[in-house]
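A short write-up of the structure that comes next.
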């Protein structure tokens, strides 16, 4: 006997995704159940990176995030909310949330999008490569011939604006630039120390960072193997440790 099933006279409506404010309210309640829920305001800014900031003042929880991550899935926004609120309340960041957020940022399409935004919006403020005591172009070309057969294309080279002891040098792939700290450009600095820092940053150009899941490896095995080719490596590292 065939029995016809009843027809439900109602339209199916998909569940609406939560707004960023609702996500932060949900996580806030979960983390601070005894604290009154503040007014929450989430602003999307045109940053040159995937930045996000949070601040609680005068009864308002203000969140600012880059537009490059504004379109992320709800689960990613919730992970970011847990990260930011954990830091705000000085609590350990949940490992699962940190892993989920890092995995999203390490997706190839997301990394490419952020890279393009950096190239368009970012500005690289560096001093010219000709310093008072060292010429970075001259250093680069000498190392290029010695270790790379002169085949490495020269990126933008420059001295940092600030005298940094913590960041002695860095390679910025978005602007194809190597920046060396001005702490080296002074009398008495051993040339070997500056050569090693330049060589190290040239290796970042030669061996880009590798991404896998939530993991980002800057100093790959190939990078470490190539670094061993630098002459007087141990001596150069010892000189950096003795920088005043």
Net lengthening on full extension, residue 31/residue 212 (0.36 nm per residue, minus Cα-Cα): 62.1 nm
Inter-part distance where region 208-244 and region 150-168 are each reduced to a Cα centre, Å: 16 Å
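Please give the contour-minus-distance gain from residue 58 to residue 186: 0.36 nm per residue of separation, less the Cα-Cα distance, rounded to one decimal in nm.
On the way: separation 128, 0.36 × 128 = 46.08 nm, distance 4.75 nm.
That works out to 41.3 nm of additional length.
When ranked by the protection proxy of mean other Cβ atoms within 10 Å per residue, highest first, what sequence do the peptides 102-108, 56-62, 190-196 form? Before the final figure, lay out the partial values.
On the way: 102-108: 15.4, 56-62: 12.6, 190-196: 18.7.
Listed from highest to lowest mean packing, they are 190-196, 102-108, 56-62.
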Inter-label distance for residue 121 and residue 99, nm, one decimal - labels placed 7 Å from Cα along Cα-to-Cβ: 3.0 nm
Angle between the chain longest axis and helix 74-88 axis [Cα atoms, degrees, rounded to 10]: 60 degrees
Percentage relative contact order, region 135-244, counting C-alpha pairs under 8 Å, at least six apart: 20 percent
Principal axis dimensions, region 20-121 - Cα atoms, whole angstrom, descending: 43, 27, 21
CD proxy at 222 nm, helix term only [per DSSP H run n ≥ 4: -39500 (n - 2.57); per residue of the chain; nearest 500]: -12500 deg cm²/dmol
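For Cα pairs less than 8 Å apart in space and 6+ apart in sequence, what is the mean separation divided by the residue count of the chain, i.e. the relative contact order in percent? It would help to have the intermediate numbers written out before the result.
Numbers: 292 pairs, mean separation 31.0, N = 244.
RCO, the chain: 13 percent.
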Label selected from (i) 238; (ii) 131; (iii) 122, the criterion being volume of the Cα convex hull per residue in Å³ as computed here: (i)
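How would you classify region 136-241 from its alpha-carbon gyration tensor, with a ≥ b ≥ c the square roots of the eigenvalues: rounded for a/c under 1.5, else prolate if a/b is greater than b/c, otherwise oblate? Numbers along the way, then the final one.
On the way: a/c = 1.39, a/b = 1.30, b/c = 1.07.
The shape class here is rounded.
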Listed residues 132, 53, 115, most fluctuating in the chain (Gaussian network, C-alpha, under 10 Å): 132
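Each value in this text was obtained by applying a stated rule to the coordinates, not by laboratory testing. Not measured: the values here are computed from a predicted model. Positions of Cβ are generated from backbone atoms using ideal geometry, with glycine treated the same way; all protein chains shown enter the neighbour counts.
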